[in-house]
Amino acid sequence: MPKTTQERDDRRAAKRAVKDAERSAKQTRGLAASLPREVRPRVDALADVERARIRRAKGEVARSPRRARRDARVASARLERMAVRYGTAAGRASSRDASRKGGAPKAIKRQRMQVKQAKSMGVVTGLRTLFASLFTPTERKSQQKVAKRRARRVKFGTA
């Protein structure tokens with residue numbers, strides 16, 4: 001039986017939605033790896049549920065493409081919301097990122113980058129403090145330098 005244009009379009013849209021959801025799941029795995037250990041099990045549990053939904057949607061693309069598309073989009077949206085909830089923005093970031101070009105996978109990736117940035121900022125701050133404590137002269141050394149400069153000025157008559 002020949003397929004109609006509408007059926008082909010529905011299947012294509014479903015396949016696209018499933019691919020998008022799979023990318024979201026992949027980004028979520030990366031996000032979970034960069035989150036603190038207390039939060040990671042919750043994120044993994046939620047992601048597992050949505051990955052199962054994506055697998056079901058992938059199997060239904062040929063039988064019921066509209067349902068597969070809806071399920072894939074739901075899974076993608078839930079993964080994105082979970083990324084917003086557990087990322088550094090802690091729920092303050094908007095889910096409108098998903099409506100931008102790239103959709104939910106890009107929004108999840110942005111959350112992951114925020115987590116990485118926060119971690120690296122802590123390391124950089126610690127290193128700066130360490131270097132400042134190592135290389136900042138003590139009060140006695142700075143007084144010795146000032147005394148040397150004064151002695152030179154007196155010696156050469158510039159004081």
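The values are calculated or read from the model by the stated rules, or taken from the named source; none is laboratory data. It should be emphasised that the depicted structure is a prediction, and the values quoted were computed from it without experimental measurement. As a convention, Cβ positions derive from the backbone with ideal geometry for all residues, glycine included, and neighbour counts pool all protein chains shown.
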Quick test of your reading of the structure: ASP10 fulfils all but one of (1) of a type in the set (D, E, K, R); (2) under 14 Å from ILE108 (Cβ atoms); (3) in contact (Cβ under 8 Å) with a residue 40 or more places away in the chain. Name the failing condition by number.
(2)
With the structure loaded, tell me whether VAL84 is within 25 Å of the chain's Cα centre (by Cα), assigned to a helix (DSSP H, G or I) and at pLDDT 90 or above or whether it fails that test.
no
Applying the selection to the range 1-28, what residues are within 23 Å of GLN117 (Cβ to Cβ) and either among the polar types (S, T, N, Q) or modelled with pLDDT under 90 (or both)?
SER24, GLN27, THR28
Pull up the range 125-145, narrow it to residues that are surrounded by 10 or more Cβ atoms within 10 Å (Cβ to Cβ) and aliphatic (A, V, I, L, M), then point me to the one that is farthest from ARG81 (Cα to Cα).
LEU130
Considering only the range 148-159, state which residues are surrounded by 10 or more Cβ atoms within 10 Å (Cβ to Cβ) and either in contact (Cβ under 8 Å) with a residue 12 or more places away in the chain or part of a helix (DSSP H, G or I) (or both).
LYS148, ARG149, ARG150, ALA151, ARG152, ARG153, VAL154
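So, of the residues in the range 7-34 that are of a type in the set (A, V, I, L, M) and buried (at least 18 other Cβ atoms within 10 Å of the Cβ), which turns out to be nearest to ALA68 (Cα to Cα)?
ALA14
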Looking at the range 14-37, which of its residues are under 16 Å from the mean Cα position of the chain (by Cα) and in a helix (DSSP H, G or I)?
ARG23, SER24, ALA25, LYS26, GLN27, THR28, ARG29, GLY30, LEU31, ALA32, ALA33, SER34
Within the bounds of the range 115-122, is there any residue that is at pLDDT below 75 and either in a loop (DSSP other than H, G, I, E, B) or under 10 Å from the mean Cα position of the chain (by Cα) (or both)?
no
What do you reckon, is GLY59 small (Gly, Ala, Ser), assigned to a helix (DSSP H, G or I) and modelled with pLDDT under 90?
no
